[in-house]
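**Q** The structure under discussion is supplied below as structure tokens; questions concerning it will follow.
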Amino acid sequence: MAAKSERGRLTPYLLTLPGVLWLTAFFVVPMVTMFSVSFQEGNIYEGYRFTGHWQTYTDTLGSYSEQFLRSLWYGLIVTAAVLLITFPMSYWIALKGGKRKNLFLLMILLPFFTPFIIRTLSWKLILGDEGIFLGTLKNIGILPDSYQVLATPTAVIAGLIYNFLPFMALPLYVALEKLDPALLEAAQDLYSNKRETFMNVTLPLALPGVFAGSLLTFIPVAGDFINAELLGGVNTTMIGNVIQREILVNLDYPEGAAISFLLMAGILLGVFLYARALGTEELMG
Amino acid sequence: MATTTERIARREPIDATAPPQKPRKRRKEWLLPAYTGLVIAYLFVPIAIMILFGFNNPAGRYNFQWEGFTLKWYNPTTLLEYEDLNDALINSLTVAIVSTLIATALGTLIALALTRHRFRGRSSLNLGLFLPMASPEVVLGVSLLALFVSINVPLGLVTIIIAHIMFSISFVVVTVKARTSGFDHNLEDAAGDLGADPWTAFWTVTFPLIFPGILAAGLLVFALSIDDYVITSFNAGGATTIPLWVYGASRIGVPPQVNVMGTLLFSLGLLYVIVSLWRGRKAEALAPPVGKG
């Protein structure tokens, strides 16, 4: 009997062991390695070695503050835009979707079965200066010939909004789906008008979805470089583009590692403050 | 709700400029569904363009302007014309299949431990699983590369697979947990009371019940893996996958073959949607009609 309960106590550790080992070896250890690489000095020909050179951090913040701020700014715009776009839709599907709920959800997910790169290139085709959309409008004289969307912040933000929309729509749906319609009726019975019902009942109950959706949107957007690379121009370089260039083109590993670490630290700090602002207890359950 | 008649009965002042309630309600009823339809249509715009340009007949590789309708890219010999694209396809499928199998197994085990057992370190594990999902892909890619370079691991398919398993485990745990948390433990106890040993009880009772969750997690990992560009680009070395090949090709023009492959992937997704809706309908028909809220 004693042996059995002993085994029972070990079971959860045995179950989690392989996955935890994997994440330790290939998530935790790499993060530590990256942090240590950021203090190395040298060049790609002679190799890099650890010298405790912390100035890479100050140099980086000096030279790339513009790209950091742009990533933050794009992240905020895209998160807000996606929240505004998807909220009415998720609300309607969750509360009024009836039997077709799953159909609508799958319709939202279906476009994302096509690879990210192909979808983004498709936008490049649509937004092209002489493409099917702008080209036609120019031919019939609605837009001046010089008008362009590609290589502007608008194109990058539009691409980001498109690509990360489901990351907001689904958590919102999950939160709103748990909302009991009886609560809304109760609010109305207690003489709330539509706006009051929304502000005092719907929104607070949707908050965990807003929180999860904002994180799932903001984090990948702030780190993205594909949209800026394919749809943007010289004025839309994001911090992800800088990291990619330092690591894959310049092979400057310490620099790339330092920027990555700053990005990661900034995001974790942001998540922490955001969770505090919204009230962690309620969000994490 | 106070209707006009009630107000008259209570001698309350009636706001004559307020629109009557009924038509206003009517107007709102079509507004949200129409809006939802518009957003969904918007999501399909680039897909429609991708499919359309898979039927385009451009002179060279520059598939940018509509030149005329053709079906020739759907011919297997022209579809598989670029050997490096075929290699990329095979690599993508290999990576996706191997990562799906391993990540789903590792993640399911963690999900089972989290939902069925209380143990020390449970909440830190939950937080630890959240971290890879909260890290930007570019950081995950760079940190893994830093590790591989530091310990001189040659980059290639193996490092891509290691990376894909790493970023997928948390997603598997979340997906399977959603399924196992509603699980009725009495069923397992019942199996035990009927003389089944824990192993038999697991395979005959628990596993079939959580299998839909495992399947959903597996599909998610497959989709994440086949789609990934960012992390892969840092850990691929000389190996290419479909996203890497397409990205490289985008500088000189993406050939229509890529549109066709994208269309085929999309059709697989469509097939999955149709099958799951059909199965859902069947399950609904079989389920007792009571208690549906």
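**Q** Considering Cα pairs under 8 angstrom that are at least six residues apart, work out the relative contact order of chain A and quote it in whole percent. Mind dumping the intermediate values first?
**A** Working: 287 pairs, mean separation 73.9, N = 285.
Computed over chain A, the figure is 26 percent.
**Q** Another question about this same structure. Over all alpha-carbon pairs in region A:1-108, figure out the percentage whose distance exceeds 24 Å. Let's see the in-between values first.
**A** Numbers: 3879 of 5778 pairs.
That fraction is 67 percent.
**Q** Under the rule of at least 5 residues apart or a separate chain, name every residue whose amide H is placed under 5 Å from the amide H of A:GLN40.
**A** A:THR51
**Q** Where in chain B is the longest stretch that carries no trypsin sites (Lys or Arg not before Pro) classed as loop by DSSP and with at most 11 other Cβ atoms within 10 Å? Let's see the in-between values first.
**A** On the way: sites that count: B:ARG10, B:ARG11, B:ARG118, B:ARG120, B:ARG251, B:LYS292.
Segment B:121-250 is the longest.
**Q** In addition: What per residue convex hull volume, in Å³, do the alpha-carbon atoms of chain A yield?
**A** 236 Å³
**Q** Same structure again: For chain B, modelled as a GNM with alpha-carbon contacts under 10 angstrom, which of B:LEU106, B:LEU144, B:LEU194 fluctuates the most?
**A** B:LEU194
**Q** Could you state, as a whole-number percent, how many of the C-alpha pairs of region A:76-163 are farther apart than 16 Å?
**A** Working: 2504 of 3828 pairs.
I get 65 percent for the Cα pairs in region A:76-163 exceeding 16 Å.
**Q** From the phi angles alone, apply the Karplus equation (6.51, -1.76, 1.60; θ = phi - 60°) to region A:85-96 and give each ³J(HN,Hα) in whole Hz, x where the residue is Gly or Pro.
**A** 5, 8, 4, x, 5, 4, 4, 5, 5, 5, 9, 10
**Q** In sequence order, what are the phi-derived ³J(HN,Hα) couplings for region B:218-228 according to the Karplus relation 6.51 cos²θ - 1.76 cosθ + 1.60 with θ = phi - 60°, rounded to whole Hz, with x for glycine and proline?
**A** After applying 6.51 cos²θ - 1.76 cosθ + 1.60, I find x, 4, 4, 4, 4, 5, 4, 5, 5, 8, 6 Hz.
**Q** Expressed as a rounded percentage, what relative contact order does chain B have, with Cα pairs under 8 Å and six or more residues apart?
**A** 29 percent
**Q** Where does the Debye-calculated log10 I(q)/I(0) of region A:147-212 sit at q = 0.15, 0.17, 0.26 Å⁻¹, using only Cα point scatterers of equal weight, no solvent?
**A** For region A:147-212 at q = 0.15, 0.17, 0.26 Å⁻¹, log10 I(q)/I(0) is -0.62, -0.69, -1.02.
**Q** Using a 10 Å Cβ count of at most 14 others and DSSP loop calls, identify the longest part of chain B lacking such chymotrypsin sites (Phe, Trp or Tyr not before Pro).
**A** B:67-293
**Q** Neighbour counts of other C-beta atoms within 10 Å: give me A:LYS99, A:LYS124 arranged from fewest to most.
**A** Details: A:LYS99 10, A:LYS124 19.
Final ranking by Cβ density, sparse to dense: A:LYS99, A:LYS124.
**Q** Please state the equivalent ellipsoid semi-axes for the protein assembly as shown: what are the square roots of 5 times the Cα gyration tensor eigenvalues, largest first, in whole Å?
**A** Working: eigenvalues 307, 248, 143 Å².
The three semi-axes for the protein assembly as shown are 39, 35, 27 Å.
**Q** If you take every residue apart from A:ARG245 with its C-beta less than 12 Å away from the C-beta of A:ARG245, what net charge results, scoring Lys and Arg +1 and Asp and Glu -1? Write out the running numbers ahead of the final one.
**A** Values: positive: none; negative: A:GLU229, A:GLU246, A:ASP252, A:GLU255.
Around A:ARG245, the charge tally is -4.
**Q** Let me ask you something else. Once the piece of chain linking B:TRP203 and B:SER267 is laid out straight, how much longer is it, given 0.36 nm per residue of separation minus the C-alpha distance between them?
**A** Working: separation 64, 0.36 × 64 = 23.04 nm, distance 3.37 nm.
Fully extending the segment from B:TRP203 to B:SER267 adds 19.7 nm.
**Q** Let me ask something else about it. Enter the per residue convex hull volume of region B:80-254, computed from alpha-carbon coordinates, in Å³ rounded to the nearest integer. Write down the numbers at each step before the final one.
**A** Values: hull volume 25.0 nm³, N = 175.
Output value, Cα hull per residue: 143 Å³.
**Q** Taking θ as phi - 60°, what are the ³J(HN,Hα) couplings along region B:255-268 by the Karplus curve (6.51, -1.76, 1.60), each to the nearest whole Hz, with x for Gly and Pro?
**A** Ordered by residue, 3J(HN,Hα) equals x, x, 4, 5, 4, 5, 4, x, 5, 5, 4, 4, 5, 4 Hz.
**Q** Among B:ILE161, B:ILE210, B:ILE40, determine the one that fluctuates most according to a GNM of chain B built with springs between C-alpha atoms less than 10 Å apart.
**A** In the Gaussian network model the winner is B:ILE40.
Each value in this text was obtained by applying a stated rule to the coordinates, not by laboratory testing. Values in this document were obtained by computation on a predicted structure and should not be read as measured data. All Cβ positions, glycine included, derive from the backbone under ideal geometry; neighbour counts span all protein chains shown.
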